[in-house]
Amino acid sequence: MSEASFKDRGHSRPRSALLFVLGLVLFLILLALGTWQVQRLHWKEGLLQTIDQRTHSAPRPLSEVEKEFASTGDVDYTPVTVTGTFLHSGERHFYATWEGDAGFNVYTPLVLDDGRFVLINRGFVPYDLKDATKRAKGQVTGRVTVTGLARNPLPTKPSMMLPDNDVGKNIFYWKDRDVMAASAGLPAGFNLVPVFIDADKTPNPGGLPIGGVTIIDLPNSHLQYAVTWYGLAAALAAVLVLRLRRPAKEE
């Protein structure tokens with residue numbers, strides 16, 4: 001073996017060792033990502049099971065739902081029934097789509113018998129019917145009973161990609177419960193129930209708003225992600241093994 005060849009091999013060994021260490025670190029990262037997705041899979045399956053159990057249970061009085069929310073902070077998709085009078089002048093409009101059409105979900109304050117308010121998502125109206133005067137038949141008066149699903153309030157904007165709410169134009173891109181209520185013209189010192197309620201599919205006079213618009217179909221792709229990360233880890237492991245064997249064969 002020539003002196004130059006010996007020096008080249010001497011220089012290549014530290015480089016090979018460095019590449020192997022980096023490959024090993026990447027392998028461990030891929031394994032960690034796969035394991036994290038498995039954990040997310042178990043969490044999502046548990047969440048979907050809880051949602052399924054809740055949505056198929058009997059509607060509960062608001063007082064019971066409030067007690068559970070105070071205890072656990074989570075009553076999402078729990079069926080609930082409330083009775084009160086709509087304050088239609090306080091409609092808040094949440095930008096949404098329904099069956100391919102753009103428009104708004106109409107959130108209307110409901111005055112309860114005890115004087116408190118709860119924001120009811122009455123359902124969807126097309127974009128050009130945002131103005132309530134164009135759907136006057138649906139502005140029901142007097143005492144009404146609403147059955148629907150309780151929804152947890154959002155603590156913050158769920159994504160920085162969402163636009164800021166345009167309170168002046170009464171267009172909300174995320175459900176900021178406190179701002180929606182504060183801008184609805186409620187009386188001073190009003191008391192607000194801590195959850196939203198999405199009304200069920202019971203038809204409204206005139207057909208609008210269209211109730212029952214709660215989206216419950218949550219994506220669950222964690223298994224595919226886990227397989228992807230573990231597959232990449234296996235491929236990298238094969239490369240590292242081949243790399244380890246090659247110097248031995250060359251000697």
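The values are calculated or read from the model by the stated rules, or taken from the named source; none is laboratory data. Small disclaimer: the values here were computed from a predicted structure and weren't measured. Virtual Cβ from ideal backbone geometry, glycine too; neighbours counted across all protein chains shown. Accessible surface is based on the protein model in full, side chains and every heavy atom, while ligands, DNA and RNA are left aside. Shrake-Rupley method; radii C 1.70, N 1.55, O 1.52, S 1.80 Å.
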Residue check: is Val146 among the β-branched types (Val, Ile, Thr) and more than 23 Å from His56 (Cα to Cα)? no
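Each row is one residue, and each column tells you yes or no for (1) in a loop (DSSP other than H, G, I, E, B); (2) open to solvent by less than 30 Å² (accessible area, probe 1.4 Å); (3) within 20 Å of Gly103 (Cα to Cα); (4) touching a helix residue (DSSP H, G or I) at 6+ places or on another chain (Cβ under 8 Å).
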residue: Lys175; (1), (2), (3), (4): yes, no, yes, no
residue: Asp178; (1), (2), (3), (4): no, no, no, no
residue: Ala184; (1), (2), (3), (4): yes, yes, yes, yes
residue: Pro187; (1), (2), (3), (4): yes, no, no, no
residue: Phe190; (1), (2), (3), (4): yes, no, no, yes
residue: Pro194; (1), (2), (3), (4): yes, no, no, yes
residue: Thr202; (1), (2), (3), (4): yes, no, yes, no
residue: Gly206; (1), (2), (3), (4): no, no, yes, yes
residue: Val213; (1), (2), (3), (4): yes, yes, yes, no
Can you report the number of residues in the range 85-109 which are in contact (Cβ under 8 Å) with a residue 40 or more places away in the chain and either out of contact with any Lys or Arg (no Cβ under 7 Å at 6 or more places or on another chain) or open to solvent by 50 Å² or more (accessible area, probe 1.4 Å) (or both)? 13
The correct count of residues that are in contact (Cβ under 8 Å) with a residue 60 or more places away in the chain and open to solvent by less than 70 Å² (accessible area, probe 1.4 Å) in the range 127-138 is 4
When you scan the range 79-155 for strands (runs of 3 or more DSSP E) that lie fully inside it, which ones turn up with 2 or more residues that are more than 15 Å from Pro194 (Cα to Cα) and β-branched (Val, Ile, Thr)? 143-151
